[in-house]
Amino acid sequence: MSRERTVNYSEIFLSIEGEGPYTGHSTVYIRFAKCNFTCQGFNNPDMVEITNDVLGFDPADYDKLEDLPVISMGCDSIYSWDKRFKHLWFKRTASELAQEVVNIIPHNKWRHPVTKQPTILSLTGGEPTLNARFIPELLAQPEFADLEQILIETNCSVPIKDDFIEALTQWTGGKDGRKIIWSNSPKLSVSGEPWDKAIVPEIAMKQRQVWNSEQYFKFVCDNTEESFAEVKKAMDQYYLYGLPMEDNQVHIMPVGAIEEQQLNIAGDVATMCVDKGYIFCGRAHVHAFGNTIGT
């Protein structure tokens, strides 16, 4: 008998969608462990190695994710992929994970019993598409029978295989109202990741093969012309590859792991968005809760 597949994740939580066109919507998050990037350059222009001294704490001293101090340099979700935090991760089968998810959705229903507002399931990370073999098995669980909207928060750099596209299309086509939302957050040079590995247009085009899906883009920028020029360079590459300009929103978020860092440049970034034709994207979850675990 074959063993049931398992997956590593760092947290499951109920919050609001904090970024992009679905901002404010009730959302359950599965934050998968592991990522193909480190994004060391965020809030770290000198690319200082993110040692325990830089973090300001030793992850080994903590046995609960929610007790970790706020992370203000480097990737703010480092705890979901850095092996120093591995002891805080969980391993579950699809059936076990589905039960944990449904236990925290409002009133244990994917639509609110009074307002009928749907709750989104967000697959985030880390990088969720690294778990492409596991996700279809998860969605096949009975707890997700009434789920309608899945938001996949991805860096849009991991190759997508045909069988994953087919599995998502089967899921969306199986019931009216189901939708896959690709929330693409490609990494610019401010992240410290190499351009040719971060900007991969063929993956964005592959996403569009999923029936009844939509996609949008989010970039993290500082308040410089160079940062915005990179957004244009990236989107030009996507458009040149065949991505339709009129069918994709482009959102710009001010760089910063904590609200104070974002607010320092938010006005400048917003003004530049107006001038250059992009959508300014605040981070509602950080405004509401601070950059704390589980929000």
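The values are calculated or read from the model by the stated rules, or taken from the named source; none is laboratory data. All values derive from a computational prediction rather than experimental measurement. As a convention, Cβ positions derive from the backbone with ideal geometry for all residues, glycine included, and neighbour counts pool all protein chains shown.
Assuming residue 238 fulfils every condition listed in (1) surrounded by 14 or more Cβ atoms within 10 Å (Cβ to Cβ); (2) within 24 Å of residue 27 (Cβ to Cβ) apart from one, which condition is it?
The single condition residue 238 does not satisfy is (2).
Among the candidates 39, 35, 75, single out the residue that is at positive phi, of a type in the set (A, V, I, L, M, F, W, C) and either under 15 Å from the mean Cα position of the chain (by Cα) or part of a loop (DSSP other than H, G, I, E, B) (or both).
Residue meeting the stated conditions: 39.
Which of the residues belonging to the stretch 42-60 are in a helix (DSSP H, G or I) and either within 30 Å of residue 139 (Cα to Cα) or among the small types (Gly, Ala, Ser) (or both)?
In the first step, residues of the stretch 42-60 are kept if they are in a helix (DSSP H, G or I); the result is 52-55, 59-60.
Answer for the stretch 42-60, where residues must be in a helix (DSSP H, G or I) and either within 30 Å of residue 139 (Cα to Cα) or among the small types (Gly, Ala, Ser) (or both): just 60.
What are the residue pairs meeting all of these: first residue in the stretch 106-119, first residue touching a residue at least 12 places away in the same chain (Cβ under 8 Å) and under 12 Å from residue 26 (Cα atoms), second residue surrounded by 10 or more Cβ atoms within 10 Å (Cβ to Cβ) and among the β-branched types (Val, Ile, Thr), Cβ atoms under 7 Å, and 6 or more apart or on different chains?
Between residues of the stretch 106-119 that are touching a residue at least 12 places away in the same chain (Cβ under 8 Å) and under 12 Å from residue 26 (Cα atoms) and residues that are surrounded by 10 or more Cβ atoms within 10 Å (Cβ to Cβ) and among the β-branched types (Val, Ile, Thr), the close pairs are 106/119; 110/119; 119/27; 119/28; 119/105.
Within the stretch 114-171, restricting attention to residues that are in contact with a Cys (Cβ under 9 Å, 6 or more places away or on another chain) and not small (Gly, Ala, Ser), which residue is farthest from residue 100 (Cα to Cα)?
Residues of the stretch 114-171 in contact with a Cys (Cβ under 9 Å, 6 or more places away or on another chain): 125-127, 129-130, 155.
Filter once more, keeping what is not small (Gly, Ala, Ser): 127, 129-130, 155.
Numbers: 127: 20, 129: 20, 130: 21, 155: 26 Å.
Within the stretch 114-171, the match that is farthest from residue 100 (Cα to Cα) is 155.
Out of the residues in the stretch 20-42 that are farther than 18 Å from residue 131 by Cβ and crowded, with 20+ Cβ neighbours inside 10 Å, which is modelled with the highest pLDDT?
The qualifying residue modelled with the highest pLDDT is 27.
Filter the stretch 260-283 for residues that are surrounded by fewer than 17 Cβ atoms within 10 Å (Cβ to Cβ) and farther than 27 Å from residue 238 by Cα; which is modelled with the highest pLDDT?
267
Can you report the number of residues in the stretch 200-248 which are within 26 Å of residue 262 (Cα to Cα) and of a type outside the set (A, V, I, L, M)?
Count: 17.
If residue 198 meets every condition in (1) at pLDDT below 95; (2) under 27 Å from residue 43 (Cβ atoms); (3) among the aliphatic types (A, V, I, L, M) apart from one, which number is that one?
(1) is the only condition that residue 198 fails.
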